[in-house]
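J.: To start, I am sharing the structure in question, which I have written as structure tokens.
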Amino acid sequence: MWLQNTNYIYYTHVTRGKETSLDFKDRYQTAVKMNLKKTTLNSEFTLANLKELLRQITERLLENPDCDLAQNDWRYGIRFAGIDAFYQISKEERYKNELRNIQQYQTEENDDIDEEEIDLCDLIWSYRIENDLNALQKIESLTLEDFDDYEVSLAFASQIYAVKNYENYMLAIDQVKANYTKSIGYLLEVLQSQYFGKTSRIKALMIYCVTAGLRNGYLKKSILIQF
């Protein structure tokens with residue numbers, strides 16, 4: 001069992017200033033060995049197995065945070081989004097509490113960064129921008145051309161995530177949706193090609209591109225039959 005202390009900062013920090021924001025990597029963490037077997041998975045394709053696989057991935061993300069990632073990095077944001085997605089499936093409050101802890105006790109790394117220099121994908125996947133007017137204005141004005149220099153899986157995954165989360169802000173929402181629908185054939189071809197096997201990250205992003213489109217109604221399941 002893995003434990004972390006987020007409420008009692010003075011266990012890990014100086015006693016004075018215990019209201020100070022505390023970075024995730026600086027929080028008190030420990031491990032307790034318990035005489036309990038970890039749930040095992042098998043190859044049977046069932047809802048229970050899929051849910052358990054997602055649970056183990058979520059637990060691994062929480063137990064092994066990548067302390068080398070900046071909090072405003074898109075990869076960090078994707079991890080946060082993944083944990084939140086599992087909470088939406090499981091409805092277990094402990095995962096929601098962890099997300100609150102991450103938000104509450106992490107320092108803001110964007111304070112000293114020029115708004116114009118923040119990477120677009122970092123911005124889109126950030127869990128901090130709901131109340132950031134400048135960030136939302138940048139989301140509002142984004143266009144398809146803004147993604148031209150990004151690797152294809154990250155570009156499309158970021159577009160789909162932006163459509164899902166910032167639909168009320170994006171002026172180019174219709175163009176982004178239309179481009180996604182028009183490009184699904186290409187996405188599926190990439191997904192089945194040797195390029196798809198290049199890295200596990202590309203695999204995950206491409207799968208997200210397709211499944212998010214299906215889940216949010218941007219794609220019809222019938223379109224997959226021809227592939």
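The values are calculated or read from the model by the stated rules, or taken from the named source; none is laboratory data. In this text the structure is predicted, and so the values were computed from the model without any measurement. Virtual Cβ from ideal backbone geometry, glycine too; neighbours counted across all protein chains shown.
J.: Any residue in segment 208-220 that's without any contact (Cβ under 8 Å) to a residue 60 or more places away in the chain: show its pairings with residues that are surrounded by fewer than 17 Cβ atoms within 10 Å (Cβ to Cβ) and part of a loop (DSSP other than H, G, I, E, B) at Cβ separation under 7 Å, as long as the two are six or more apart or on different chains.
T.: Filtered contacts from segment 208-220: no entries.
J.: Within segment 123-154, how many residues turn out to be part of a helix (DSSP H, G or I), more than 13 Å from the chain's Cα centre (by Cα) and without any contact (Cβ under 8 Å) to a residue 24 or more places away in the chain?
T.: 9
J.: Which ones in segment 179-205 are surrounded by 12 or more Cβ atoms within 10 Å (Cβ to Cβ), modelled with pLDDT of 85 or more and of a type outside the set (S, T, N, Q)?
T.: Hits for segment 179-205 are Tyr180, Ala204, Leu205.
J.: Output the residues belonging to segment 48-103 that are of a type in the set (Asp, Glu), surrounded by 14 or more Cβ atoms within 10 Å (Cβ to Cβ) and not in a helix (DSSP H, G or I).
T.: Within segment 48-103, just Asp73 meets the criteria.
J.: Outside the structural domain of Ser126 (by TED's automatic domain parsing), within 24 Å of Lys96 (Cβ to Cβ) and modelled with pLDDT under 60: does that describe Thr6? Quick ask: steps written out before the conclusion?
T.: Details: outside the structural domain of Ser126 (by TED's automatic domain parsing): yes; within 24 Å of Lys96 (Cβ to Cβ): yes; modelled with pLDDT under 60: yes.
Taking the combined requirement at face value, the residue satisfies it.
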